[in-house]
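A.B. asks: The structure under discussion is supplied below as structure tokens; questions concerning it will follow.
The values are calculated or read from the model by the stated rules, or taken from the named source; none is laboratory data. Please read these numbers as outputs of a predicted model, since none were measured by experiment. Note: ideal-geometry Cβ built from the backbone for every residue, glycine included; neighbour counts use all protein chains shown.
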Amino acid sequence: MRKTVSPMFALIVIIVALVIGALYFAMRYRKHEAEEAALAAVLQAQANQARSSGRAQRGMSRGLRGRPESPDSGQGAAVPGRSATEGRPEEPESAD
């Protein structure tokens, strides 16, 4: 009981499967783009509201100040023209 499948039928089934797959991914892409557009609109509205209330300027000035540097923060960083031990305080040698 061996039945053969017509090559034309197999080709039609493959084409239909490809079309359905393409439509599925196209719908997912459109849904994703719509969600991204809605999110962008919400974020833009928040940015406009912050700009109109003056919060954006306060946030920018605070962000530009940065955090204060400690005197030890520069240790270990490579500086051109300086040796690795230059500028570091001397450490006492242990008596091991």
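A.B. asks: Consider only pairs whose beta carbons are under 9 Å apart and that are at least six residues apart or on different chains; among these, list those whose first residue lies in segment 26-53 and is without any contact (Cβ under 8 Å) to a residue 60 or more places away in the chain and whose second residue is surrounded by 10 or more Cβ atoms within 10 Å (Cβ to Cβ) and in a helix (DSSP H, G or I).
C.D. replies: The qualifying pairs are Ala47/Ala56; Gln49/Arg55; Ala50/Ala56; Ala50/Gly59; Arg51/Gln57.
A.B. asks: Further question: Search segment 1-53 for residues being part of a helix (DSSP H, G or I) and among the charged types (D, E, K, R), and hand back the single one that is modelled with the lowest pLDDT.
C.D. replies: If we take residues in segment 1-53 being part of a helix (DSSP H, G or I) and among the charged types (D, E, K, R), then Arg51 is modelled with the lowest pLDDT.
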